[in-house]
Structure formats: C-alpha cells, structure tokens
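This report refers to the structure that appears directly beneath it.
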Amino acid sequence: MSDAPGLLGSYVKAFAGALPVPLPGRSSELTDDARTLDDVEIDREHLAAYNRVCGFRNTGALPPTYLHVLAFPLALSLMTSRSFPFGVIGLVHLANRIEQRRPVSVTESPSLRVHAENLRDHEKGRLVDLVHEATIDGEVVWRDVSTYRRRGGGGANG
C-alpha cells in the first residue's frame, strides 16, 4: 500500500457494520489478513502539532505513541474489512501495550504493518489483539498491541 487508507471510507464501513443486518461474508475467526504501508515519511509539521497537544518535546525522535497515530488508519481499515470477526461499532478498547525497541528518528521512514491475533473468549464476550509494528530496514523497532472486547458470544456469561 502506498498511501494510508482514508478514514472516511473506514468510518462509512464501520457504520454500515453496525446496521442490524448481518454482513454477508464476515469471518467468525481471524484470518492472516494484514494492512501495510511502506516507507512512511514523517510530516514534521504534523509531528510538531502532535507534540504540542500531547506535551512532548521536539527531540528529533518520534514519541512512542506517535507511531500508533500513524498506524491507526491501517488498523481501522483492517477492522472494517470482512476478514475481521466483529463490527467496529460496539468494540471496547481495553488496553495498549507499546514496546519501543529503539528510538525512531524523524528523518527515518518506517514501514508499518497491522494484523489481528489472539482471538479468545472472555467472561463478558470475546477479545482480540491488533498488533501494530514499525520496521526500519527489516528490523522491528516498535510494537504496539491494542486489545479490544466484543460483548457477547464468549465466556461463561457470554
């Protein structure tokens, strides 16, 4: 993929998935579907604005949370695809775990990849992890796991 997916199209798909009719072809399990974006150039003005809003200093390195912002359009594109087992509307975001393996400079162009894994039952429904990774020259330099819960359909209390 050469450009990040547009959020508007993903939002339309998210709302369509919330309609009270089943979407034909939606998987009930995880597939090996993933979204990628190669060699992302860092928009320094956008980064400076993000740093101002979030209280980060402009140090020449990306804050670990900034890569999550860059990967979010990929994640939303994946979550609104038919290969994803749940509609986006109604998902509850439970946790983020970020692992910064090394600083990423604003002059570097990381490649991003997002996939889903670890679909599992939970006492109040089902959980799934969205894994976001940033690589530079084939080395994973950053990893984020976002856990989401869908109510119903799992665990003792479904």
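The values are calculated or read from the model by the stated rules, or taken from the named source; none is laboratory data. Not measured: the values here are computed from a predicted model. Heads up, the Cβs are rebuilt from the backbone with ideal geometry, glycines too, and the neighbour counts pull from every protein chain shown. Accessible surface areas use protein heavy atoms only, side chains included; no ligands, DNA or RNA. Shrake-Rupley method; radii C 1.70, N 1.55, O 1.52, S 1.80 Å.
A few remarks follow.
- From the options 43, 32, residue that is modelled with pLDDT under 95 and farther than 14 Å from residue 112 by Cα: 32
Okay, residues lined up against (1) of a type in the set (S, T, N, Q); (2) touching a strand residue (DSSP E or B) at 6+ places or on another chain (Cβ under 6 Å); (3) within 24 Å of residue 33 (Cβ to Cβ):
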{"residue": "102", "(1), (2), (3)": "no, yes, no"}
{"residue": "107", "(1), (2), (3)": "yes, no, no"}
{"residue": "116", "(1), (2), (3)": "no, yes, yes"}
{"residue": "119", "(1), (2), (3)": "no, yes, yes"}
{"residue": "123", "(1), (2), (3)": "no, no, no"}
{"residue": "129", "(1), (2), (3)": "no, yes, yes"}
{"residue": "133", "(1), (2), (3)": "no, yes, yes"}
{"residue": "136", "(1), (2), (3)": "no, no, yes"}
{"residue": "142", "(1), (2), (3)": "no, yes, yes"}
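- Index of the failed condition, residue 153 passing every other in (1) part of a loop (DSSP other than H, G, I, E, B); (2) at pLDDT 95 or above; (3) closer than 22 Å to residue 84 by Cα: (2)
- Top-ranked residue in segment 66-101 [being more than 20 Å from residue 140 (Cβ to Cβ) and of a type in the set (Phe, Trp, Tyr); ranked as modelled with the lowest pLDDT]: 86
- Out of 117, 108, sole residue that is of a type in the set (D, E, K, R) and farther than 27 Å from residue 152 by Cβ: 108
- Residue in segment 64-86 that is open to solvent by 70 Å² or more (accessible area, probe 1.4 Å), in a strand (DSSP E or B) and in contact with a Lys or Arg (Cβ under 9 Å, 6 or more places away or on another chain) present: no
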